[in-house]
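This report concerns only the one structure given below.
The values are calculated or read from the model by the stated rules, or taken from the named source; none is laboratory data. These numbers come from a predicted model, not from an experiment. Methodologically, a virtual Cβ is constructed for each residue, glycine included, from the backbone with ideal geometry; neighbour enumeration extends over all protein chains shown. Heavy atoms of the whole protein, side chains included, go into the accessibility calculation; ligands, DNA and RNA do not. Shrake-Rupley method; radii C 1.70, N 1.55, O 1.52, S 1.80 Å.
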Amino acid sequence: VQLQASGGGLVQTGGSLRLSCAASGRRFSEYDVGWFRQAPGKERQPVAGISWSGGRTYYADSVKGRFTISRVNMRNAVYLQMDSLKPEDTAVYFCAARRPTVARLSTPDTYDYWGQGTLVTVSS
């Protein structure tokens, strides 16, 4: 499956962005999807994840209550709505996909397919 992340940009503190992860090649409904981010000089960290059915979700503590992950399988798309953005949210955001597993949605090593990343910059 090929993944394409989009929707990044420059936004002021307190603003919102919606990231999209579009899939091609296989039915997206067969995959768990995660969002990860990597800031300059830092390791990649999990942000949010959603199971293939949408029945299980994960959010990093730093984004709980501000970010919402959702999916529309008929559109082969997963979204990350980001509200109340902070400068510390600045990073390149990646979406990733994996075959369904009981493993935590937050574990990057369990994902087999990765998109190219989209840059989110939050100005103070």
Worksheet item: Label GLN12 and ARG44 with points 7 Å out from Cα along Cα→Cβ: what is the distance between them in nm?
Response: 3.4
Worksheet item: Relative to the Cα centre, what is the charge dipole magnitude of the range 53-124, using +1 at the beta carbon of each Lys and Arg, -1 at the beta carbon of each Asp and Glu, and rounding to the nearest 20 debye?
Response: 300
Discussion item. Given bins 10 angstrom wide, list per bin the percent of all Cα-Cα distances in the chain, short to long.
Written reply: 15, 50, 30, 5, 0
Worksheet item: Over the heavy atoms of THR13, what accessible area does a 1.4 Å probe trace out, to the nearest 10 Å²?
Response: 80
Practice prompt. Of the options GLY7, ALA39, GLY55, report the single residue whose Cα projects farthest towards the positive end of the charge dipole of the chain (beta-carbon charges: Lys, Arg +1; Asp, Glu -1).
Written response: GLY55
Discussion item. Considering all projection directions equally, how large on average is the shadow of the alpha-carbon convex hull of the range 45-104, in square nanometres?
Written reply: 4.6
Discussion item. With +1 assigned to the C-beta of every Lys and Arg and -1 to the C-beta of every Asp and Glu, and no other charges, what is the dipole magnitude of the chain about the Cα centre in debye, to the nearest 20?
Written reply: 260
Item to complete: List the residues of the range 58-97 whose backbone N lies under 16 Å from a point placed 7 Å from the Cα of GLN116 along the Cα-to-Cβ direction.
Response: 92-96
